[in-house]
Amino acid sequence: MSSERSGPQSLSVTMEARTFWLLVVVVLALGSSSSTGQYVGLSANQCAVPAKDRVDCGYPEVTPEQCNNRGCCFDSSIPGVPWCFKPLQEAECTF
């Protein structure tokens with residue numbers, strides 16, 4: 001006798017496993033994208049502030065979303081400097 005399942009019950013187990021792994025991939029993708037370079041509503045140029053010139057705009061354990069909601073840039077790639085910081089002001093062109 002074979003111990004493998006067949007039929008509708010087997011299909012259900014397979015679908016549950018696929019759903020589980022899809023959720024794992026989505027959570028990992030979201031987690032990795034939230035740690036560095038979050039510039040919602042800001043241009044990358046506005047957030048290209050040298051580490052030594054960053055002006056703190058957050059508070060301890062601020063999330064990227066909370067930082068962006070304050071109109072600030074979030075970049076956690078450089079330890080020892082503010083991760084939530086004020087953006088550069090874009091130069092206005094006058095022609």
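The values are calculated or read from the model by the stated rules, or taken from the named source; none is laboratory data. All values reported here derive from a predicted model rather than from experimental measurement. Reconstructed Cβ throughout: ideal geometry from the backbone, glycine too, with neighbour counts over all protein chains shown.
Residue by residue, here is whether (1) under 18 Å from the mean Cα position of the chain (by Cα); (2) not charged (D, E, K, R) holds:
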| position | (1), (2) |
| --- | --- |
| Gly41 | yes, yes |
| Ala44 | yes, yes |
| Val49 | no, yes |
| Lys52 | no, no |
| Asp56 | no, no |
| Glu61 | yes, no |
| Gln66 | yes, yes |
| Arg70 | yes, no |
| Phe74 | yes, yes |
Are there any pairs, at least 6 apart or on different chains, whose C-beta atoms fall under 9 Å, with the first in the stretch 72-87 and at negative phi and the second crowded, with 20+ Cβ neighbours inside 10 Å and polar (S, T, N, Q), and if so, which? Cys73/Gln38; Phe74/Gln38; Asp75/Gln38; Ser76/Gln38
Being in contact with a Ser or Thr (Cβ under 6 Å, 6 or more places away or on another chain) and either at pLDDT 95 or above or more than 12 Å from Lys86 (Cα to Cα) (or both): is that true of Thr36 here? yes
